[in-house]
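We did not get these values from a lab; they are worked out from the coordinates using the rules stated. Just so it is clear, the model here is predicted, and its values are computed rather than measured. Note: ideal-geometry Cβ built from the backbone for every residue, glycine included; neighbour counts use all protein chains shown.
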Amino acid sequence: MPRPEMEGEWIEGWPDRKKARIMPSKDDKGRTIFARAPVLEFGGLTTPTDASYIIAQLNMADPIHPDDYEFVVSGLVEKPITFSFEEIQRLPSVTVRTTMECAGDDGEYFRWQKDGGPKPSRLKVQEEQGGWNQMAGDDGGATNVDDIFDAIPTTCLVSGGEWTGVRLRDVLELAGVNPEATHVHLVGYDEGRPDPTPIYLSTGRTDIEIEDPGVINYDKALDLSKAMDPDTILAWAQNGEYLRHVHGAPLRVIVPGWSGNWSVKWLKEIELLDYEMPCYYQTQYFVLGDGPDDPNKVPCKELGVKSIITNPIDEDSPLKVGIHRICGYAWSGLGAITSVEVSTDDGENWTEAHVEPSNDRWLWRRWSLNWEATKPGKYSIKARATDQEGRIQPQTPWNFQMKHFDGIVPVEVEVVE
């Protein structure tokens, strides 16, 4: 059986199934700095915090005790305000459930579709020592791109979670937004010098000239309209418990529907602007375009519409003749999933799957279909999703940084007597 063993762990003194846990990479002090989620092991909609993916683009911020935490709202406002953690918790609270997906999740499937070769596997575990931001050579240059891909898989960078906090809109309205404001500049306490390795990793190239901005704080310039969306929040809790440091404590931004790089962690400052700040992670990285010299590159924003098959997978083959449950998850950057279709003959015919009902607009949905495999042979199983805006998977074309992959990846299985 190729999947991780599912039985035999003792929890609270009683035997139980193995708990789903992240697949981590750690720094030289043993601290997790990058972690993939065990997507194939999930049994429900909300990813346990222990199993939620982790990415820090720069050095993680130093821990701040909630009693010592504060952030400031400034810029094009009627009155700048500094909030303490206690003051932010006095505001009316809200809870939003959403799927958080890294812009680069499944990016290696873009590479596979374009260049061929072995199909990436979500079962692959990366090297535990050293994340992508520790892959540079001793001279500061990048290592071989194939070595990076082999050491740091880019699958399983997605989680579903519940977040509790306050609406960003409520905070901005307390400061008074000036009419000329168009963007909300969000700055985190995390800082560092951007490592070019993730750009080499995402593009598959080392011949690209990359801007060196020096030491910076992680920041994003969010469209004011998205900032004022009632589901865009400043969160202090995840999955029923206070935020952990690796997930942005004491306070982080949650921007549902947009790729995870917008959800700034360790929030330090909010500044209202009348222009789009040229943030490094908006102009140099996390962009969509045909190539590094494309004059029309745009920032990655809303995700496409996507479904993944979690059962069966290629590694489950061969399957016995009989009834098999095909199932997985589907989500969209523009709202709820309305349908999922499944094909077992490489896209020749499609059958509508059962999609679990849900009132959550942004959270992924589970879907399933019972397939009766009556004849031995080789089968190519595909799934495609449709969202409330009528978008049908896939939506995002190949782009040079291989972001926002929402393509259809077939599961290849053989059925035997």
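Taking other residues whose beta carbon is less than 15 angstrom from the beta carbon of Val187, and scoring Lys, Arg as +1 and Asp, Glu as -1, yields -3.
Rg/Rh for the stretch 43-122 to two decimals, with Rh computed the Kirkwood way over all alpha-carbon pairs. Let's see the in-between values first.
Details: Rg = 20.0 Å, Rh = 17.7 Å.
Reported Rg/Rh (Cα atoms, Kirkwood Rh): 1.13.
The distance separating the Cα centre of the stretch 219-247 from that of the stretch 69-134 comes to 10 Å.
Grab the other residues whose beta carbon is less than 12 angstrom from that of Glu356, score K and R as +1, D and E as -1, and report the net.
+1
The helix-based estimate of mean residue ellipticity at 222 nm for the chain, built from -39,500 (n - 2.57) per DSSP H run of four or more residues and divided by its residue count, is -2500 deg cm²/dmol to the nearest 500. Sorted on the mean count of surrounding Cβ atoms within 10 Å across their residues, most packed first, peptides 196-208, 373-385 read 196-208, 373-385. Coordinate range of the alpha-carbon atoms in the chain per principal axis, descending: 73, 49, 48 Å. Of the GluC sites (Glu not before Pro) found in the stretch 76-105, the ones in coil according to DSSP and having at most 14 other Cβ atoms within 10 Å of their Cβ are Glu78.
The GluC sites (Glu not before Pro) of the stretch 246-346 that meet both conditions, a loop assignment by DSSP and at most 16 other Cβ atoms within 10 Å of the site Cβ, are Glu276.
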